[in-house]
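J.: Sharing a structure with you now.
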Amino acid sequence: MEFVYKVKDMSGQVRESSARADNAQLLRARLSARGYEVLEIKERGFSLAQIPFYTEIDNALAHFEPISLRDMVVFSRQFAAMIGAGVPLLRTLSIIVEQLKNRKLKTCLEDVRRSVESGLSLSDALARSPQVFDKLYVSMVRAGEAGGFLAEVLKRLADFLEARQKLNQKVRSAMVYPTVVLAIAVLVFWVMLTFILPIFEGLFKNIGSDLPAYTRFLMNLSEYMRSIWMALFAVCVGISLFFLRRYYRTDGGREHIDGIFLSLPLFGDLSRKVAIARFCRTFGTLIKAGVPMLSALDVVKDTAGNASIARSVEKIYNEVRQGGSISKPMAKIGLFPSMVTQMVAVGEETGNLDEMLTKVAEFYDMEVDNAVESLTSMLEPIMVVGIGGIVGSVVVGMYLPIFTVIEQLR
C-alpha cells in the first residue's frame, strides 16, 4: 500500500513525502527508526501501484533506466556533504534514497543500505553493484574508510566525475557535427537517386541519342538502389557489423580496433589527448586519495576506455611491481609525450606525484579544448564542400543529356 506521511526531523523541520509499506504501523516503525518524529500517516487514494503486476513491470523498466555521470556527481556531493556534517551513514543513505529520482540508482542504493545494515562495510556494499560503482569508485571509498576521511574522498570523487563529464561532453561535441553532416549528406544523396533521378529517366529515354557515360552510371546506380539488391546489401552490412562487434568484444579484437582508432588522421590525436588526460586525472585522484600505487595502476588499467592504452598501462604495472619507477616504462612505451614522462619523473623525485599528474591532466584538458576547436573549424569547410559535391554530382548527371540535346540541335 502507498501512504502519504508528515514527519519532523532532528532539526525541527517538517517534511512531507510518500512511501510504500504493508501497513501504516510498519511505516511508522520504519520512520521512527530513522530518527523522525511521525506527525501524520494516511493512505493515499487510488494509484497505479494498485494495478496488478504494476510494481513488477515498473521495477523491470527501472532496471533499464540509464545512470548518467551527472546523477553520480549529485549523489557523491550529497553523500560527502552529509557525511562531513556528521550524519550517520545509514541515515545518510536513507535520506538520499528518498530524494533520488533515478529509479535504477535508487534501487541500487537501497541494496547498499541493506548490505550496510547487515554488517558490511560501505566499500564492500558498493562493490556488489559493479554496473553502477566501478573499481575506481570502490577503491577510493575503501581508502577513505581506512584513512578516516570518507567525506573528503567523496568530494574528490564528485570533482573527478564532474571533470570526466566535461571531458566527455567535449569529445561528443567534436563527434556530433561530422556525424550529423555525414548523415545528412548520405540522406540527400539517397533521396536524389531514389526519388528525383527516376523522374528524369522517362525524359532521357525519349532523347533518342546515347546518354553520357556518367548519366548511365547514375541511372544504373539508381535502379540498383531501388532493387532487391539494395536490401541484400543492407543485410550484409548488418551482418558485418554484428561480427565486427563480436570481434571487438574479444581481447585481441578490441586492442586491434582501438589501436586503429588511435592512428586515425584527424580523430587519433584527439583520442590520444583524451586518453592521456583521463589517465593522469584518474591516477592522480587515486594516489591523492591514499590508494596504493599498484592498486591505482590496476584500477586505471580497467578504466582506461581504450584496450591499446590499457595494455600500455599493464606494462607500466608490471615494471612497477618489479620495483621500477613509473616514468621509465612510460618513456619506453611511446604513448606518452616527453613532457608527461618528465613531469611524472619530477613528481616521483619530489614526492608530489599526485599534484604533477593533476597539472598534466589540466594541461591536456586545455589541449582537448584546442583540438576540438581546430577539428571543428577544419571539418566545417570539408563537410560543406562534400555536401555541395554530392548534390552537384547528381545535378550534373541529370543535366548532361540536356546539354547533349542542345548541342545536337545546334
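All of the numbers you see were taken from the coordinates with simple rules; none came from a lab. All values reported here derive from a predicted model rather than from experimental measurement. Heads up, the Cβs are rebuilt from the backbone with ideal geometry, glycines too, and the neighbour counts pull from every protein chain shown.
J.: Which of rounded, prolate or oblate describes the range 171-410 when judged by the alpha-carbon gyration tensor and an a/c cut-off of 1.5?
T.: It comes out prolate by the Cα gyration axes.
J.: Shifting gears a bit: What's the local net charge at A85, with K and R +1, D and E -1, over the other residues with C-beta under 15 Å away?
T.: Values: positive: R77, R91, K155; negative: D9, E152.
Neighbour charge sum, excluding A85 itself: +1.
J.: Something else now. Once a ≥ b ≥ c are taken as the square roots of the eigenvalues of the Cα gyration tensor of the range 61-160, is the result rounded (a/c under 1.5), prolate (a/b larger than b/c) or oblate (a/b not larger than b/c)?
T.: rounded
J.: Also, I was wondering about something else. Could you order peptides 268-278, 320-330 by the average number of other Cβ atoms within 10 Å of their residues, highest first?
T.: 268-278, 320-330
J.: Output the Kirkwood hydrodynamic radius of the range 308-410, Cα pairs only, in Å rounded to one decimal. Before the final figure, lay out the partial values.
T.: Numbers: mean 1/r = 0.0543 Å⁻¹.
Its Kirkwood hydrodynamic radius stands at 18.4 Å.
J.: Here's another thing I want to ask about it. Just how large is the dipole of the chain about the Cα centre, in debye to the nearest 20, putting +1 at every Lys and Arg Cβ and -1 at every Asp and Glu Cβ?
T.: My answer is approximately 440 debye.
J.: Tell me the label-point distance for the pair L264, A19, using the 7 Å Cα-to-Cβ offset, in nm and rounded to one decimal.
T.: Those two pseudo-labels are separated by 5.0 nm.
J.: Moving on to the next point. Quick check: from the Cα gyration tensor, does the chain come out rounded (a/c under 1.5), prolate or oblate?
T.: Judged from the Cα gyration tensor, the chain comes out oblate (a/c at least 1.5, b/c at or above a/b).
J.: Please give the per residue volume of the convex hull enclosing the alpha carbon atoms of the range 2-50, rounded to a whole number of Å³. Please list the in-between numbers first.
T.: On the way: hull volume 3.1 nm³, N = 49.
Cα convex hull per residue, to the nearest whole number: 63 Å³.
J.: Please arrange C108, C236 by counting, for each residue, the other beta carbons lying within 10 Å of its beta carbon, fewest first.
T.: C236, C108
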